[in-house]
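The values are calculated or read from the model by the stated rules, or taken from the named source; none is laboratory data. Keep in mind it's a predicted model, so treat the numbers as computed, not measured. Cβ atoms come from the backbone with ideal geometry, glycine included; neighbour counts cover every protein chain shown.
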Amino acid sequence: MALFRYKALSAAGETLSGSMEAPRAEDVVARLQEQGYLPLEVGTTLDEGAGEGLAALFRRKAMDAAGLLHFTQQLATLLGAGQPLDRALGTLLDLPEHPQGRRVVERIREAVRGGLPLSAALEQQHGLFPRLYVNLVRAGEAGGGLQPALLRLADYLERAAALKAQVVSALVYPVLLLVMALAVSAFLLGVVVPQFNELLESTDVVLPWYTQAVLAGGLLVRDYWLPAFVALALGLLLVLRQLRQPGPRARFDAWLLGRPRLGELLARYETARLARTLGTLLGNGVPLLASLGIAAQVLGNRALAAALEQAAEDVKTGQGLGFALGKTKRFPRLAVQMVQVGEESGELPAMLLKVADTFDTETQRAIQRALSALVPLITVLMAVLVGLVIVAVLVPIYQLTSSAGVL
């Protein structure tokens, strides 16, 4: 998903501007037109100046993922207690901690007071509420069960956030360990080793080749660390910029899926997200083809999203979802088989949620197994690097003291 900035004209002639997450600029245009706006300009945020890019890093969203979850849970609770929608939204005005969030809730309440359904009011918030959210609310309104739909939506958001939090928290320790290893290596090479270089140059000891290599590396780090850091940062920014383009991103995602262990882990993680999204949408009465279109935008891996879009095309021709997913050869076989069983039994939404639970668990176990091997590996590599530096420096000093003792 890319972040696009847009300008649009409302029916009253008012110029609106904002940002919206979508796979392509065409999706932003279509979404604005669905909301009754005339798009004037749509562009990725990468086209903005450096100052705007830095400002975007520190700009607070009107309602983040946690705020969206709390809003959904509280609104479902109030509606379940028998409060009318207008009054429930008024009660929620004080829920957001920041003025931007309160203004969002106030705009929603005013739109509902003006006669709009809640789904239309949410859709008018310039992309703040995802299509998944809006469509689930619309399906609940159509079926006369807005409060149950919000409860299922809150459960979906909570489980999705929990899976993401578990993955992130599992990666924190190895990332910190890797950063520490790099910092220790840079300190040894850039600060400690050059001091020994000055000492050893003043002697007549013949330095071994590995000592000369370590000393040369230390001088390079000491003298050129800043240009190297700038070059590395610019290279990283260039790579990230390229990955925001659809073609390079799709090729990179396909390459990731082809990696033996990493690809399997990514496929499990994305399959869990896909299954939970589809199961929640279908369980709330959203048609299958519409659900597939929304789920394709939830997937972070563009290669899997393209495979799902191809499966949707096959479903349009009358093929079963499980068979269509199996044809892509992108999704785990277990998930495909479970989907086929769900179709045959007529319990596809429930089976999709079971698929999500199954692959949530598998993802967590795979991450734990990977970390159980990765953390000791990083520790060993750091110890080996420090040991090599110490040996490379101490061997010449030992030779020097030995020759001095002989003399």
With Val214, Val206, Val239 as the choices, which residue is under 30 Å from Ala186 (Cα atoms), within 25 Å of the chain's Cα centre (by Cα) and of a type outside the set (Asp, Glu)? Val239
Search the stretch 121-137 for residues being in a helix (DSSP H, G or I) and in contact (Cβ under 8 Å) with a residue 24 or more places away in the chain, and hand back the single one that is surrounded by the fewest Cβ atoms within 10 Å (Cβ to Cβ). Arg131
Restricting to the stretch 287-325, give me the number of residues that are of a type in the set (S, T, N, Q), surrounded by fewer than 19 Cβ atoms within 10 Å (Cβ to Cβ) and outside any helix (DSSP H, G or I). 2
Scan the stretch 209-235 and report the pairs whose first residue is farther than 17 Å from Ile397 by Cβ and whose second residue is in a helix (DSSP H, G or I) and small (Gly, Ala, Ser), with Cβ atoms within less than 7 Å and a gap of 6+ or a chain change. Val221/Ala186; Val221/Gly190; Arg222/Gly190; Trp225/Gly190
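Taking the stretch 326-348, which residues are outside any loop (DSSP other than H, G, I, E, B) and under 25 Å from the mean Cα position of the chain (by Cα)? So that I can check it myself, show each step before the final result.
The initial filter retains those residues of the stretch 326-348 that are outside any loop (DSSP other than H, G, I, E, B), namely 326-328, 333-345, 348.
Selection gives Thr328, Arg333, Leu334, Ala335, Val336.
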Go over the candidates Leu85, Leu171, Leu176, Leu95 one by one and state the one that is out of contact with any Ser or Thr (no Cβ under 7 Å at 6 or more places or on another chain), surrounded by fewer than 19 Cβ atoms within 10 Å (Cβ to Cβ) and outside the structural domain of Val221 (by TED's automatic domain parsing). Leu95
Are any residues in the stretch 369-382 modelled with pLDDT of 80 or more and not aliphatic (A, V, I, L, M), and if so, which ones? Arg369, Pro376, Thr379
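From the list Phe196, Phe252, exactly one residue is modelled with pLDDT under 80, surrounded by 13 or more Cβ atoms within 10 Å (Cβ to Cβ) and assigned by TED's automatic domain parsing to the domain that holds Thr363. Which is it?
Phe196
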The conditions are (1) under 18 Å from Ala303 (Cα atoms); (2) crowded, with 17+ Cβ neighbours inside 10 Å; (3) basic (Lys, Arg), and Arg276 fails exactly one of them. Which is it? (1)
